[in-house]
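Please read the structure below before turning to the comments.
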Amino acid sequence: MKIIVEPKYEEVSKSAARIIAREIISKTDPVLGLPTGDTPKRTYELLVEYYRDGLVDFSSVTTFNLDEYYPISKDDPKSFARYMEDRLFTQVNLARERIHVPDGTVAEEEIGPYCKKYERKISESGGINLLILGIGHNGHIGFNEPGVNFGTRTRLVELSQETLEANFEDPAEAPKRALTMGIKSIMSAKKLLLLADGKQKSTPIKKSLTGPITTDWPASVLQLHPDLTVILDEDAARELEDQRGRSDGD
Ligand code: GLP
């Protein structure tokens, strides 16, 4: 595990965008796993800037998003499909057929086969080279909530009350379920990049990186990944001991 501690959110985003750009530039057919949430917003802006400046070409990039609410229409402002369209997909030269976001409009009886197909497409693309993750306040990654089995693949899940409250101003109005890559789908990515900023993420980060590996805290499984890079701002890193010493090594 490599932990990089940057001063603030802006530097976290720059560091993340550079790692993603490097992956894209150095691979023939790069396959990225993409998150939503507040954390990666600036990273996406920087990637769009790199594209506009001619530094990064997305034409051979394939993307798979981690998760999506269910049920939800693709142009619902709350949908992750809409988030990705606005922030990245319509802003760079990604090929439409290489973009994959779990479809929140699939009929319920089709979900099983649909999720299998999502996983098959990941395998057929050669697997995810670099998957970027944020972390939920309850230790979820994607929408893998506490109690998740570590053998899970893409599937439909129930969202916890805590997640609904964290993600929606009015949880009563929120979709109560989601489609998400499973823990096994995430852990199968060749490289993982976990981003977190802000003091509200300092306890989740400490539990994830230094706590016991347990299904009660899904992000703790990341300790078992052979190629995990974590980028934190100083606030998110403040509960990690000796953060400075760990900033540029294993
Ligand atoms: C959502 C997403 C997660 C994301 C988390 C943190 O619940 N399903 O993939 O990591 O929120 O979001 P934020 O970056 O807004 O803190």
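I need a count of the residues in the stretch 27-47 that are more than 12 Å from the ligand (Cβ to nearest atom) and open to solvent by 10 Å² or more (accessible area, probe 1.4 Å).
Final tally of qualifying residues: 4.
Output the residues belonging to the stretch 98-117 that are acidic (Asp, Glu) and under 21 Å from the mean Cα position of the chain (by Cα).
Asp103
Residues of the stretch 53-68 being within 13 Å of the ligand (Cβ to nearest atom) and without any contact (Cβ under 8 Å) to a residue 40 or more places away in the chain, which ones?
Selection gives Asn65 alone.
If you check Ile128 against the conditions, is it of a type in the set (A, V, I, L, M) and within 13 Å of the ligand (Cβ to nearest atom)?
no
As an exercise: evaluate Gly126 against (1) on the phi > 0 side of the Ramachandran plot; (2) open to solvent by less than 30 Å² (accessible area, probe 1.4 Å) and give the number of the one condition it does not meet.
All conditions are met except number (2).
Quick check on my filter: what residues within the stretch 9-35 are of a type in the set (A, V, I, L, M) and under 20 Å from Asp53 (Cα atoms)?
Correct list: Ala16, Ala17, Ile19, Ile20, Ala21, Ile24, Ile25.
If I go through the stretch 131-142 residue by residue, how many of them are more than 11 Å from Ser208 (Cβ to Cβ), in contact with a helix residue (DSSP H, G or I) (Cβ under 7 Å, 6 or more places away or on another chain) and within 9 Å of the ligand (Cβ to nearest atom)?
Total satisfying the criteria: 2.
Under the condition of being under 22 Å from Tyr83 (Cα atoms) and assigned to a strand (DSSP E or B), which residue from the stretch 1-52 is nearest to the chain's Cα centre (by Cα)?
Among residues in the stretch 1-52 that are under 22 Å from Tyr83 (Cα atoms) and assigned to a strand (DSSP E or B), the one nearest to the chain's Cα centre (by Cα) is Leu34.
What residue, among those in the stretch 88-101 that are out of contact with any Lys or Arg (no Cβ under 7 Å at 6 or more places or on another chain) and within 16 Å of the ligand (Cβ to nearest atom), is most open to solvent (accessible area, probe 1.4 Å)?
Val101
For the stretch 1-26, enumerate the residues that are more than 12 Å from the ligand (Cβ to nearest atom) and polar (S, T, N, Q).
Ser15, Ser26
Can you tell me which residue among Ser188, Ser123, Ser202 is at pLDDT 95 or above and within 16 Å of the ligand (Cβ to nearest atom)?
Among Ser188, Ser123, Ser202, only Ser202 is at pLDDT 95 or above and within 16 Å of the ligand (Cβ to nearest atom).
Restricting to the stretch 220-247, and then to whatever is more than 24 Å from Asn129 (Cα to Cα) and outside any helix (DSSP H, G or I), can you tell me which residue is modelled with the lowest pLDDT?
Residues of the stretch 220-247 that are more than 24 Å from Asn129 (Cα to Cα), as a first pass: 233-246.
Imposing the further condition that a residue be outside any helix (DSSP H, G or I) reduces the set to 233, 238-242.
On the way: Asp233: 98, Arg238: 97, Glu239: 98, Leu240: 96, Glu241: 77, Asp242: 60.
Among those that are more than 24 Å from Asn129 (Cα to Cα) and outside any helix (DSSP H, G or I), it is Asp242.
Go through the stretch 165-185 and report how many residues are within 13 Å of the ligand (Cβ to nearest atom) and either more than 20 Å from Thr215 (Cα to Cα) or open to solvent by 70 Å² or more (accessible area, probe 1.4 Å) (or both).
7
Which one of these does Asn149 not meet: (1) polar (S, T, N, Q); (2) within 16 Å of the ligand (Cβ to nearest atom); (3) touching a residue at least 60 places away in the same chain (Cβ under 8 Å); (4) open to solvent by 70 Å² or more (accessible area, probe 1.4 Å)?
Here Asn149 meets the rest and fails (2).
How many residues does the stretch 179-209 hold that are under 19 Å from Leu131 (Cα atoms) and not in a helix (DSSP H, G or I)?
So the count comes out to 14.
Does the stretch 69-83 include one or more residues that are basic (Lys, Arg), within 27 Å of Lys190 (Cβ to Cβ) and either within 16 Å of the ligand (Cβ to nearest atom) or surrounded by fewer than 21 Cβ atoms within 10 Å (Cβ to Cβ) (or both)?
No, every residue in the stretch 69-83 fails to be basic (Lys, Arg), within 27 Å of Lys190 (Cβ to Cβ) and either within 16 Å of the ligand (Cβ to nearest atom) or surrounded by fewer than 21 Cβ atoms within 10 Å (Cβ to Cβ) (or both).
Being closer than 24 Å to Ala81 by Cβ and without any contact (Cβ under 8 Å) to a residue 60 or more places away in the chain narrows it down to one residue among Ala166, Ala174; which is it?
Working: Ala174 fails: without any contact (Cβ under 8 Å) to a residue 60 or more places away in the chain.
Going through Ala166, Ala174 in turn, just one is closer than 24 Å to Ala81 by Cβ and without any contact (Cβ under 8 Å) to a residue 60 or more places away in the chain: Ala166.
The values are calculated or read from the model by the stated rules, or taken from the named source; none is laboratory data. Just so it is clear, the structure is predicted and the values come from calculations on it, not from any experiment. We place every Cβ from the backbone using ideal geometry, glycine too, and count neighbours over all the protein chains shown. Note: accessible area is taken over every heavy atom of the protein model, side chains too, but ligands, DNA and RNA are not part of it. Shrake-Rupley method; radii C 1.70, N 1.55, O 1.52, S 1.80 Å.
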